[in-house]
Amino acid sequence: MNAPGSTGQVAPGQPQWEFAAAPVPYAEALARMEARVAAIRAGTAPELVWLVEHPPTYTAGTSATPEGLVDARFPVFRAGRGGQWTYHGPGQVTGYVMLDLAERGRDIRAYVHSLEDWVIRTLWRFSVVGERREGRVGIWVADKARGTEAKIGAIGVRVTRWVSWHGVALNVDPDLSHFGGIVPCGISQHGVTSLHDQGVLATMEEVQAAMQACWAEVFG
């Protein structure tokens, strides 16, 4: 894996990789993604997987309702992606995935399934079993200590003229109390967890490396 803040080499048919060296303000990330999506469509820039952290932020997807914002203690943004309310903050790896789906296959459902597989395979590198749940978005783990299950990874995508943006968020060691300001993804009956909360004391760099290593297993 390249050092944080560096740009990876691009193999034929593979996206460019970037790792933000410092937290990226959410508005800046939106502007950068929008510009990159336009450049990919125009054929002037390669596909990109961009791994970042954000300052504490709440984002609303296209299905978000006012009731889902319980306490606007952090800046709030309309993200334009699918889904409901999500928290982003330090200790969470957000993976922004900008791919040309016109070339890779015009099947958004299959693309979302691949993003889920990517998170699941990354968790497996740390001996954590991530799973899908019927009727619920995201990746879930059995929370044995509490006798329930909890969400560890979020998925939210947008596709503009068959170029994807937004992507995934994986909780490494965020302040889980920050999720209390929203109803995460519209699901109030289950909690939120992280790798550290599950006893896996991985670093952000280790998780980013695992995400990059697992990419080819899913996307080829």
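The values are calculated or read from the model by the stated rules, or taken from the named source; none is laboratory data. Because the structure is a prediction, the values reported are computed rather than measured. Positions of Cβ are generated from backbone atoms using ideal geometry, with glycine treated the same way; all protein chains shown enter the neighbour counts.
So if I check each of 115, 123, 201, 195, which one is among the hydrophobic types (A, V, I, L, M, F, W, C), outside any strand (DSSP E or B) and farther than 26 Å from residue 60 by Cα?
Numbers: 115 fails: farther than 26 Å from residue 60 by Cα; 123 fails: farther than 26 Å from residue 60 by Cα; 195 fails: farther than 26 Å from residue 60 by Cα.
One residue alone meets the criteria, 201.
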ask   = Looking only at the range 61-78, which residues are at pLDDT below 95 and closer than 28 Å to residue 219 by Cβ?
value = 61, 62, 63
For residue 39: the one exception among (1) farther than 27 Å from residue 202 by Cβ; (2) touching a residue at least 40 places away in the same chain (Cβ under 8 Å); (3) surrounded by fewer than 21 Cβ atoms within 10 Å (Cβ to Cβ) = (2)
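Please determine whether any residue of the range 79-96 is within 15 Å of residue 219 (Cβ to Cβ) and either at pLDDT below 95 or in contact with a helix residue (DSSP H, G or I) (Cβ under 7 Å, 6 or more places away or on another chain) (or both). Working first, answer last.
Step one: of the range 79-96, the residues within 15 Å of residue 219 (Cβ to Cβ) are 95-96.
Filter once more, so that each one left must be either at pLDDT below 95 or in contact with a helix residue (DSSP H, G or I) (Cβ under 7 Å, 6 or more places away or on another chain) (or both): 95-96.
So far as the range 79-96 goes, yes, one or more of its residues are within 15 Å of residue 219 (Cβ to Cβ) and either at pLDDT below 95 or in contact with a helix residue (DSSP H, G or I) (Cβ under 7 Å, 6 or more places away or on another chain) (or both).
The rows are residues; the columns are (1) modelled with pLDDT of 95 or more; (2) of a type outside the set (Gly, Ala, Ser); (3) more than 12 Å from the chain's Cα centre (by Cα).
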| position | (1), (2), (3) |
| --- | --- |
| 130 | yes, no, yes |
| 152 | yes, yes, no |
| 173 | yes, yes, yes |
| 187 | no, yes, yes |
| 201 | yes, yes, yes |
task = Report whether or not residue 31 is surrounded by fewer than 17 Cβ atoms within 10 Å (Cβ to Cβ) and out of contact with any Asp or Glu (no Cβ under 9 Å at 6 or more places or on another chain).
result = yes
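Residues of the range 170-189 being assigned to a loop (DSSP other than H, G, I, E, B) and either without any contact (Cβ under 8 Å) to a residue 24 or more places away in the chain or buried (at least 17 other Cβ atoms within 10 Å of the Cβ) (or both), which ones? Reasoning before the result, please.
Just the residues of the range 170-189 that are assigned to a loop (DSSP other than H, G, I, E, B), to begin with: 172-175, 183, 185-189.
Hits for the range 170-189 are 172, 173, 174, 183, 185, 186, 187, 188, 189.
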request  = Find all pairs meeting these conditions: Cβ atoms under 9 angstrom apart; at least six residues apart or on different chains; first residue within the range 49-60 and within 16 Å of residue 75 (Cβ to Cβ) and at pLDDT 95 or above; second residue of a type in the set (D, E, K, R) and part of a loop (DSSP other than H, G, I, E, B).
outcome  = 56/73; 56/175; 58/73; 59/81
